[in-house]
Structures are given as C-alpha cells and as structure tokens.
Amino acid sequence: MAFKRENRVADEVKRLTAEIIRTELDDPRVPVFTSITDVTVSSDFNYADLYVSVLAQDKDKQAEAVEALNSAKGFLRKTLSQRLKLRVTPELRFHLDDSFDKGQRIDEILEQVKSEKNDNVDVEETELEDLD
C-alpha cells in the first residue's frame with residue numbers, strides 16, 4: 001500500500017513542480033523546453049529525485065539548467081509545500097535525464113549493425129553468383 005502512495009505523491013510532485021517551473025520560475029538558465037521525465041520519492045517522503053530533460057544542443061547548457069534548478073530548489077520546495085497537502089514536503093534533488101541520448105545512441109548502433117548485416121548479405125550473394 002505504501003508503494004502506491006509513493007507513486008501518487010511522486011506523480012503529484014512531478015505535475016506541480018513542472019507547473020511551477022513553467023509558470024513561476026524566472027531563470028534564464030532554464031530553457032522553455034525543460035520537462036520533468038520522472039520522479040522518485042523516498043519511502044519516508046523526505047526526498048524527491050526529479051529527472052529533468054532539457055532540450056539544448058550542448059551538454060554545458062543542459063548541466064547549467066540542472067544547476068539552476070538545484071539552486072532554485074528552495075523556492076520550488078516552498079511553492080510546492082503551499083500546494084501539496086502533505087505533512088512533510090520532500091527535499092528536491094534535480095538530475096539530468098540522459099535516457100533520450102542513450103536511446104538515440106542505441107538506435108545508431110542498431111542501424112550500424114543492420115547496415116553491416118546487409119553488406120555481408122550482399123557479399124554472400126555475390127560469392128554465390130560467382131560459383132554458378
């Protein structure tokens with residue numbers, strides 16, 4: 001039962017924090033296209049780890065956005081505590097979510113393997129034709 005409550009609290013923290021970042025946080029280091037992809041809450045509700053996806057070209061801008069969110073976590077926690085109906089408002093910890101980058105890298109590797117496999121099939125067909 002506690003696991004379900006943790007999930008509900010994590011979902012609510014995710015929804016409310018994303019809304020606060022979008023509407024109330026005024027930091028130029030945080031791009032408009034910043035989204036919270038996942039939230040995990042500790043079993044005692046003291047900590048919430050928020051995974052953030054930042055649509056930026058370079059890693060420095062992404063790291064800067066996460067740093068800005070971590071520096072604004074006091075404001076975010078205070079605003080969240082006013083909207084979240086819990087006895088304890090979790091301490092927010094922001095992390096860069098690089099799962100999209102990892103997914104792209106896996107796609108590139110799969111495409112490379114596929115093209116190598118096709119190249120090998122073409123070579124084998126040519127060898128078979130030479131035998132005829």
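The values are calculated or read from the model by the stated rules, or taken from the named source; none is laboratory data. Note that the coordinates shown come from a computational prediction; the quantities given were computed from them, not determined experimentally. Don't worry about glycine lacking a Cβ; one is built from the backbone with ideal geometry, like all the others, and counts go over all protein chains shown. We work out accessible area using only protein heavy atoms, side chains counted, and drop any ligands, DNA or RNA first. Shrake-Rupley method; radii C 1.70, N 1.55, O 1.52, S 1.80 Å.
Odds and ends about this structure:
- Whichever residue in the range 22-38 is open to solvent by less than 80 Å² (accessible area, probe 1.4 Å) and hydrophobic (A, V, I, L, M, F, W, C) and, among such residues, is nearest to Phe75 (Cα to Cα): Leu25
- Of note, Val54 does not satisfy the criterion of being modelled with pLDDT of 90 or more and not aromatic (Phe, Trp, Tyr).
- Set Arg15, Arg29: member being at pLDDT 90 or above, basic (Lys, Arg), within 20 Å of the chain's Cα centre (by Cα) and not in a loop (DSSP other than H, G, I, E, B): Arg15
- Meets criteria (open to solvent by less than 70 Å² (accessible area, probe 1.4 Å) and without any contact (Cβ under 8 Å) to a residue 12 or more places away in the chain) for Glu19: yes
- Restricting the range 39-91 to residues that are closer than 15 Å to Leu25 by Cβ and of a type in the set (Asp, Glu) leaves a set whose member that is surrounded by the fewest Cβ atoms within 10 Å (Cβ to Cβ) is Glu67.
- If the condition is being under 13 Å from the mean Cα position of the chain (by Cα) and polar (S, T, N, Q), then the range 46-70 contributes Ser53, Gln62.
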